[in-house]
Amino acid sequence: MIYNIDFLIAAIVILLLILWYFLGQKRAEDLNNQVFLFFAVLGVLDVIAEFFSTYCITSSESGFGIAAVFITTVFYLLQALLPFTFLCYILSMHDNRLVSTKKMLLSGLPTLVLIGLILTNPFTGKLFCFDPSRGYVKGPWYLLMYYSAILHLAVALFLIIIWRKKLGFQRVKVLLEILVISGGGVIIQLLNPFLLTTGFGVSLGILALFITINNPYANMDSLTGLYNHLYLTRKGNELVTAGRSFHIITVYLYQMKHINKIAGIQGGDFVLRLTARKLGALCGRKAFHITGKRFLILTSSLKEYEYYLDELKKIFDVNIKLNVENKSITIPAIISGILHAEKLGDSGRILEYAEYLESLSPQNGLTEVIQDDHQTMNGFLYNKRVEQYLHTAIAEDLFELYYQPVYSTQEKRFVTLEALSRLHHPELGWIAPDVFIQIAEKNHLIEQITDLQFCRVCRFLKEHGKLMEQLLNVKVNLSSLDLMRTDCSSHFIRIMDKYEIPHEWIQFEITETVATEYNASLRMVVDEFTAAGIRLCLDDFGSGYANLNTVMKLPFSTIKLDRSLLFDICKDEKRALFYQSVVETFQKMNYHIVAEGVETKEEVELLSRWRVDMIQGYYFSRPLPAEELLKFF
């Protein structure tokens, strides 16, 4: 018999090169990579065993009888294990944990039966035997090896199809390619036994895995050389699934934008690489680079966690000056610690919680350390529940609309309304508007909420047109994301026209924060509103960093003074003088002034004396639902 061993030689070379590069790199140490390494080693042994088995088979007349039986038996065993190992590889990718004994016995039952047949074959000769005169002879059950391989590949295909959503498109694509390549090798050798293509097909499949899913470089951040976000996700989910305890420390370099401005992009990259080297020296393979500004340390030891936390405070001491691109700079950081991070459930939520912790820390140019506690965790989980409910509330339009009347000090009556969104959770109760609006903006849901509420305002005005005979307009808030729409002005004008609402009935409120981010697109939007007869109001003046220059750039007709400016004005002469001077300055510039947050009679009398145009606050009325508002008027 003459066998073509060229495919075997090529397979050996391919697999040895894969092992050489895989073992020589800083590879990921998650379960899937460990199973891949076992799969690759098994593949090498299989192809080598087939090579020597083939040599013994073709040379059996030269005294290799016993050796031929032994080596061929080993080869058959490896052939039986390879398809099952591939199934375990898919299971590890899906479950993120070791295959349970029960699942292994169920999925591996055909393999166990085949192994039993292989081990007893020297006595039964059912699969193969060596005849002194004829050499290698196929047994009556010889085709069981091929049937077993094809059966395992069919099961693998079935699992890939039913788990396609969790595995993801790219992984499914690679796994299907491997099935085609490996299955093709098996079928070719089944049709032509003298072409040894099964091992070659396996080597190409393992090569495809090495290049794609198990590529060591895919787990590495190219700039810093640390593990990246993809590997953290797999490793974190694996630890959570296995029920193992671990702790997280994140390092957020919140001044990287400032560093890039001072030292340039190259200087910023140098800072990131320097930070990576320090973290690598501190904790080795437990360090990750998650985003441009954020690093992470993952440890299972509480003692290590406390040690790393103390060392990080020293590393990011702001008294240490660094020379970067001939600039002397410091690298302040927010260091967040999460004990028993597995309680959060998955790596995505862990990173969200780390960002939540960072948001609680002041960015004051110093290095701050913040650790989670019961109260902080409850606040985060509350926000997550609100975030989840927002999707339901938008889909089912569960938001409510309240209106707060605004009182005119000159006309001695209510002359306008502010439309305000409210949301009630079936279990959490009323959710503070500041909370759900901030979450909605973060998740880019605010535009949908604004559309729902604006349509409701327009419907209300159309149904109660007589109410508008008493009012100048209704004020509606727009967020920065609303204003960033490419068709912002035309979008809202279309809605007004749809409900036949006169444009002068609506006044859009733009917060002070949005106004400070002045740009050409914002100017174009407000100009289009103004041209359509829609007036604009600057909301919350005094809550941030707006100045007269910001106000004068945009065509506001009304300015609302933030309630924070009212604090103690009835007792503090300096505060009262400041408030009064702001009112007088804006009135001289022909702006209408609305005082927000007025709650006492003393404040009303003082503001009326200063000739503030309008007053809004609990003193006159809380925000009211539509039915109560109509009764109120």
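Read-outs: derived from the displayed coordinates by stated rules, not from any lab. These numbers were taken from a predicted model, which means no experiment stands behind them. Note that each Cβ is placed from the backbone with ideal geometry, even for glycine, and that neighbours are counted across all protein chains shown.
With a Förster radius of 30 Å, plug the Cβ-Cβ distance of residue 150 and residue 9 into 1/(1 + (r/R0)^6) and report the FRET value to the nearest 0.05.
The pair residue 150/residue 9 has a calculated efficiency of 0.75.
When ranked by the protection proxy of mean other Cβ atoms within 10 Å per residue, highest first, what sequence do the peptides 351-357, 299-305 form?
So the peptides 351-357, 299-305, ranked by packing, come out 351-357, 299-305.
Residues with amide H under 5 Å of residue 371's amide H, sequence separation 5 or more or different chain, H placed in the peptide plane at 1.01 Å from N; which?
337
Sort 327, 165 by Cβ crowding within 10 Å, fewest neighbours at the top.
Ascending number of Cβ neighbours within 10 Å: 165, 327.
Please identify the DSSP H helices in the chain that span no less than 24 Å along the helix axis (Cα) and have a mean Kyte-Doolittle hydropathy of 0.5 or more.
Taking the DSSP H segments of the chain (at least 24 Å long, mean hydropathy at least 0.5), we get 6-24, 31-58, 65-95, 144-162, 169-191.
Using 0.36 nm times the number of residues separating residue 138 and residue 487, minus their current alpha carbon distance, what extension gain do you get?
So the extension gain works out to 118.1 nm.
Of the peptides 35-42, 577-584, how do they stack up when ordered by the mean number of other Cβ atoms within 10 Å, highest first?
Ranked by mean Cβ neighbours within 10 Å, highest first: 35-42, 577-584.
Among the aspartates and glutamates, which have Cα under 20 Å from the Cα of residue 138 when same-chain residues fewer than 8 positions away are ignored?
Within the straight-line limit of under 20 Å, residue 138 reaches these aspartates and glutamates: 46, 50, 61.
Lysines within cross-link reach of residue 343: Cα-Cα under 23 Å, excluding same-chain residues under 8 positions apart?
Cross-link targets: 166, 235, 286, 303, 384.
Provide the net charge surrounding residue 144, with neighbours chosen by a C-beta distance below 13 Å and charges set as Lys +1, Arg +1, Asp -1, Glu -1.
+2
Report the label-to-label distance for residue 166 and residue 366 in nanometres (one decimal), using points 7 Å from each Cα along the Cα→Cβ vector.
Label-label distance for residue 166 and residue 366, simple model: 4.7 nm.
Taking residue 601 as the anchor, which lysines have their alpha carbon closer than 22 Å to its alpha carbon, excluding any fewer than eight residues away along the same chain?
Cross-link targets: 412, 560, 571, 574.
Peptides 410-421, 43-54: what's the order by average Cβ count within 10 Å, highest mean first?
43-54, 410-421
Report, in deg cm²/dmol and to the nearest 500, the calculated mean residue ellipticity at 222 nm for the chain, where each DSSP H run with n ≥ 4 adds -39500 (n - 2.57) and the sum is divided by the residue count.
Computed mean residue ellipticity for the chain: -18000 deg cm²/dmol.
Among (i) -0.62, -1.01; (ii) -0.44, -0.89; (iii) -0.68, -1.02, which is the computed log10 I(q)/I(0) by the Debye sum over Cα atoms at q = 0.07, 0.10 Å⁻¹?
Read-out taken from this structure: (iii).
Once you have a ≥ b ≥ c as the square roots of the Cα gyration tensor eigenvalues for the range 6-217, tell me rounded if a/c is under 1.5, and otherwise prolate or oblate according to whether a/b is larger than b/c.
prolate
Need one word for the range 386-632: rounded, prolate or oblate. Basis is the Cα gyration tensor (sqrt eigenvalues a ≥ b ≥ c); a/c below 1.5 gives rounded, then a/b vs b/c decides.
Note, shape of the range 386-632 comes out rounded.
Quick query: amide H of residue 475 versus all other amide H atoms, modeled in the peptide plane; which residues come in under 5 Å with a sequence gap of 5 or more or a different chain?
Residues meeting the amide H criterion: 417, 418, 419, 507.
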